[in-house]
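The values are calculated or read from the model by the stated rules, or taken from the named source; none is laboratory data. The shown structure was predicted, so the numbers you read here are calculated from the model rather than taken from an experiment. Cβ sites come from the backbone with ideal geometry, for glycine too, and all protein chains shown count toward neighbours. Keep in mind that these areas ignore ligands, DNA and RNA; they rest on the heavy atoms of the full protein, side chains included. Shrake-Rupley method; radii C 1.70, N 1.55, O 1.52, S 1.80 Å.
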Amino acid sequence: LAALGPVLALGLALAGARGAGPEAAHDEPAGLPELPELALDDECLASPDGACGLEALQLRGVRVDSAKETVAEGDDEHGEDDEAPAVPYFYAKRPLVGQEGEQLAARSGHSLESCEDLCDGTKGCQSMTVGQGAEQGKCFAKSQRVTAAEQSSTNGWSAERFVTYYRVDATGSGKFIGRSLVADEGKQLSASSVDSVSECEQSCERTPGCQSFTLGVGSQWGKCYLKDKRVTANEEHSNNKYNLARFMTFYKAGFAPGPPSFSSDYERAKSCTPAAIITSPQTCQQAAQALGISPSRPRIVPPEDGMLPPGCLVGPGLRNMAAGMWYNAAGMQTGFFNPGSDQPVQAEEGFELLCKKKLFKLAAAGAQCPGGADVTDEAMCRSAANWLKLQEPQGVAADKMWTSPKGCFVEPGIWGAPGTLKFNGAPMSFGGAAQGVQFVCKA
């Protein structure tokens with residue numbers, strides 16, 4: 001302690017006193033300060049001394065490069081913390097907690113960012129006690145896992161001079177993605193104080209027109225500003241260094257893979273005709289690969305989200321799973337999806353459908369359709385007629401239903417005349433692919 005000086009020694013002694021024995025009775029410290037009235041849609045004032053802080057927001061464990069938006073392992077001068085979370089996180093400010101846990105390390109005369117580095121580099125550190133006012137610059141790394149709901153300290157002397165910073169998962173629910181503060185945040189819709197990323201997310205989802213939000217971190221933790229701007233990962237970051245170090249942007253986790261690869265068989269679209277809906281996870285993966293989407297393997301849409309459009313989707317995260325490829329099997333069930341309908345299937349906001357471009361094809365004369373590709377619905381047979389530029393299908397005469405091929409097929413014409421599209425909906429048929437008959441198959 002002598003090396004750290006008598007002032008730090010006094011601070012350490014007080015910190016030790018806070019962790020041992022009953023605390024003196026004092027009024028509970030106030031919670032997060034009320035948000036000031038915002039001027040010109042700017043949520044923080046310019047730094048008085050021009051020292052604006054970080055060039056890019058430091059998410060603990062990863063750095064978000066605000067120019068390129070690439071994520072790489074963060075450099076840590078104190079060595080790797082084996083117990084660091086595998087997900088990006090930042091530190092949130094709150095009143096001093098009553099239970100601070102074991103003191104693991106101490107530092108004096110440094111910035112908040114340096115204190116965060118101390119905690120990151122100290123094995124077992126989960127939170128920090130940081131001095132303010134007369135105790136500015138004092139930092140104590142602690143073992144206690146802290147939340148916003150933790151009971152505050154009742155030691156009035158300590159609560160006035162120290163605050164707690166604790167780790168907050170930056171990923172939220174997966175419906176929004178965190179990135180460095182954007183230069184153009186759009187119109188501000190509302191401002192509030194929150195206790196978690198998810199709370200700000202939920203506020204945005206409840207607010208008409210909200211497409212993104214600005215969230216305070218570190219010393220500005222809990223300030224939530226809802227915005228109408230549709231933001232992407234490649235958006236230019238703010239050049240206000242003060243704001244950049246204290247706020248981050250969260251945007252809706254839609255799918256933005258860049259220019260898609262061209263495919264003659266599949267396309268990404270906001271709507272599909274029912275016949276173009278992809279009806280198997282295997283085909284969904286093939287479509288993603290053809291369109292250059294990676295990872296291409298779809299996850300099954302959770303049953304709770306089964307009212308999403310049927311088939312192959314790409315879009316936001318669901319149920320704490322990241323954004324990407326989805327296959328909605330529940331939406332394919334009878335009553336939800338009619339493949340023979342003429343009404344297009346619409347993608348919901350934030351999602352896109354992967355659709356087939358080639359909906360129908362004619363099998364070779366005398367050959368059957370591949371398994372599962374038969375057209376067994378008369379409405380779908382009519383859709384195929386339109387797609388293949390054939391005349392409307394004719395019904396099969398009643399006396400020939402049991403001997404004619406079943407389903408949708410083209411019967412060859414006589415003496416070189418064009419063939420006739422027919423549909424046989426008999427429950428059973430003993431007629432196979434007669435010579436010259438071409439079945440209409442789903443592509």
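Some values worked out for this structure:
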quantity	calculated
Ser261/Trp157 FRET efficiency (R0 56 Å; Cβ-Cβ; nearest 0.05)	0.30
With all protein chains modelled, accessible area of Asp117 [1.4 Å, Å²]	50
Centre separation in Å (Cα based) which lies between the range 173-197 and the range 327-374	38
Cα-Cα over 18 Å, subset of Lys93/Lys229; Lys252/Lys357; Lys361/Lys422; Lys356/Lys442; Lys142/Lys223; Lys270/Lys361	Lys93/Lys229; Lys252/Lys357; Lys142/Lys223; Lys270/Lys361
Exposure rank, largest accessible area first [Ile414, Ile277; 1.4 Å]	Ile414, Ile277
Cα gyration tensor category, rounded, prolate or oblate, for the range 366-443 with a/c compared to 1.5	rounded
Estimated distance in nm for a label pair at Glu304 and Thr207, the labels positioned 7 Å out from Cα along Cα-to-Cβ	2.4
Inter-site label distance for Glu236 and Trp415 at 7 Å from Cα along Cβ, in nm	7.5
Solvent exposure ordering (accessible area, 1.4 Å, most first) of Ser404, Ser192	Ser192, Ser404
Extension reserve of the Ala149-Glu378 stretch, reckoned as 0.36 nm per residue once the Cα distance is removed	76.4 nm
Alpha-carbon Rg with Dmax, taken over the range 89-169, Å	11.3, 31
Rough spin-label spacing in nm, given labels placed 7 Å along Cα→Cβ, for Glu348 and Arg319	1.3
Heavy-atom accessible surface of the range 89-169: percent carbon and sulfur, 1.4 Å	42
Using a Förster distance of 30 Å, the FRET efficiency for Asn338-Ser294 (Cβ separation, nearest 0.05)	0.40
